[in-house]
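Asker: Just dropping this structure here.
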Amino acid sequence: MKSITPKELIKSSDKSVLILDIRHSDSFKDWSIKDSINVDVYDDIWNGNFGDVKQKLCQLPKDKKIVTVCNAGVTSQNASMLLESMGYNTLVLEKGMMGWNALHQAVDVANENDLLLKQIIRVGKGCLSYMIGSNSTKECFIVDPSQFVEEYLEIAKENGLRIIGIIETHVHADHLSGAMALKEFTKTEYYVSGTDLKAKADFLDLDTLDELKIGDNSIKIIKTPGHTDGSVCLLVNDKALLTGDTLFLEGVGRPDLGRNKEDIEKGAKILFSALNRVKELGNKLIILPAHFTSCAKVPICEKLGNLLYNNLTLKISSEQEFVSYILNNLPMMPPNYGQIKSINSGLMRLPRQMGEQLEFGPNRCASR
Ligand SMILES: [Fe+2]
């Protein structure tokens, strides 16, 4: 069977491609590739009901190149085989949604004077990491890396930069962090809030730092608790703000993860006050979040001035209204979040393959 990698699929400008997801419809509803369609033939394939599969798929347009998608790229090979026997032209998405979950794409946010700022978009998961580099010293920091650490090593290498530190805006609960692994691999510093990272680990505490430097560039550490007690935003050259999970383009961070019922309201109040401090940083400030819902336009960013009009949660000016809005609009819990937080805090370790399975699924870090 011919296959296509997630990287090739996202770069493809072939208008004849139709992405066919053959998983169960509830899995598809929960998490899918944008513009894909779902025909649930998963069980039929496993049960050998090939006549039923063919009947369900025969309505697909014959003039399309069909990319078949399942969980891990195995069952979709059978779907492709059956489709080919029906005269369709198909490709199998390599590693299916697991492969889609691992896809990273780097785009420039700024490349001027001494600053090379890149946004690393994890397309399938909705997560964003960053590389803050210096053109003069050829060094960089990686911010909020995923567990796919090889992606960051590759991006730094491609740009001729040496990683000198890993920074986390907070300890994540929705996806596995690559910070500790990347720190060990590069033998560099790991910066995170000591309030968030409760485990014994070798790190530099962002709670006690106000600024980091890289070449001529300044990274101010703005303390913005709320999403977590130790959340920070990173102000790069007073022009761009990496907001972590404090502020997104369409919403704000959720304050409930890891908090008990009574503390969620308190967390929402703390978040409200942190957001008010962010609002003061100037309308021209470029907001660079750690999650997104749409990557139609890259880099994924917006001027703070525009968000003050467009972001409905950020617009709320009364604390009471903000808190009740947040409490009434909390999304579902991210799957396995307790376990993910323990791993990210260094309290437990997991082999990589199990790690990929653990964080399978969409991101659920925002209140909107
Ligand atoms: Fe988060």
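Asker: Nearest-5 percent of antiparallel DSSP beta bridges in segment 222-364?
Answerer: Bridges in segment 222-364 are about 65 percent antiparallel.
Asker: About its Cα centre, what dipole magnitude does segment 156-242 give when the only charges are +1 on Lys and Arg Cβ and -1 on Asp and Glu Cβ, stated in debye to the nearest 20?
Answerer: Magnitude of the dipole: close to 200 debye.
Asker: Test of understanding: in a Gaussian network model of the chain with alpha carbons linked when under 10 Å, which of Gln320, Gln119, Gln55 would top the mean-square fluctuation ranking?
Answerer: Fluctuation is largest for Gln55.
Asker: Still on this structure: GNM, the chain, Cα, under 10 Å: largest mean-square fluctuation among Ser13, Ser231, Ser129?
Answerer: For the chain, modelled as a Gaussian network with Cα springs under 10 Å, the answer is Ser13.
Asker: Would you mind working out the magnitude of the charge dipole of segment 224-368 relative to its Cα centre, with +1 at each Lys and Arg C-beta and -1 at each Asp and Glu C-beta, to the nearest 20 Debye?
Answerer: 240
Asker: What is the fewest-to-most order of Arg254, Arg259 by other Cβ atoms lying within 10 Å of their Cβ?
Answerer: Arg259, Arg254
Asker: Given the options Met180, Met131, Met81, state which has the largest fluctuation in a GNM of the chain using a 10 Å cut-off (strictly under) for Cα springs.
Answerer: In the Gaussian network model the winner is Met81.
Asker: Rounded, prolate or oblate for segment 170-259? Axes are the square roots of the Cα gyration tensor eigenvalues, ordered a ≥ b ≥ c, and the cut-off for rounded is a/c under 1.5.
Answerer: oblate
Asker: So, one more: Using the charge dipole of segment 77-169 (Lys, Arg: +1 at Cβ; Asp, Glu: -1 at Cβ; taken about the Cα centre), state which of Ile155, Leu103, Asn113 has its Cα farthest towards the positive end.
Answerer: Leu103
Asker: Treat the count of other C-beta atoms within 10 Å as a stand-in for reagent exposure and order Thr188, Thr169, Thr224 from fewest to most.
Answerer: Placing the least packed residue first, the sequence is Thr188, Thr224, Thr169.
Asker: Further question on the same structure: List the lysines whose Cα sits under 19 Å from the Cα of Lys213, skipping any in the same chain fewer than 8 residues away.
Answerer: Counting by Cα, and skipping residues close in sequence, Lys213 has these lysines nearby: Lys118, Lys138, Lys183, Lys187, Lys223, Lys239.
Asker: Below 8 Å, C-alpha to C-alpha, sequence gap of six or more: please give me the relative contact order for segment 3-99 in percent.
Answerer: Relative contact order here is 33 percent.
Asker: Which one, Gly338, Ser318, Cys295, projects farthest toward the positive side of the charge dipole computed for segment 273-368 from Cβ point charges (K/R +1, D/E -1)?
Answerer: Cys295
Asker: Along the positive direction of the dipole of segment 3-99 (beta-carbon charges: Lys, Arg +1; Asp, Glu -1; about the Cα centre), which of Leu83, Ser27, Phe50 reaches farthest?
Answerer: Leu83
Asker: So what's the chain giving for Rg/Rh, alpha carbon basis, Kirkwood Rh from the mean inverse pair distance?
Answerer: Rounded to two decimals, Rg over Rh is 1.00.
Asker: Under the rule of -39500 (n - 2.57) per DSSP H run of 4 or more residues, summed and divided by the residues of the chain, what mean residue ellipticity at 222 nm is obtained, to the nearest 500 deg cm²/dmol?
Answerer: Value at 222 nm, helices only, nearest 500: -8500 deg cm²/dmol.
Asker: Could I ask something else about it? Given Cα pairs under 8 Å that are at least 6 residues apart, what percent is the relative contact order of the chain?
Answerer: 13 percent.
Asker: Rounded to the nearest 5, what is the percent of antiparallel bridges among the DSSP beta bridges in the chain?
Answerer: Taking every DSSP beta bridge with both residues in the chain, the antiparallel ones total about 60 percent.
Asker: In addition: So how strong a dipole does the chain carry about its Cα centre when Lys and Arg Cβ are +1 and Asp and Glu Cβ are -1, to the nearest 20 debye?
Answerer: 440
We did not get these values from a lab; they are worked out from the coordinates using the rules stated. Predicted, not measured: the structure shown is a model, and the values here were computed from it. Ideal geometry is used to build each Cβ from the backbone, glycine not excepted, and the neighbour counts take in all protein chains shown.
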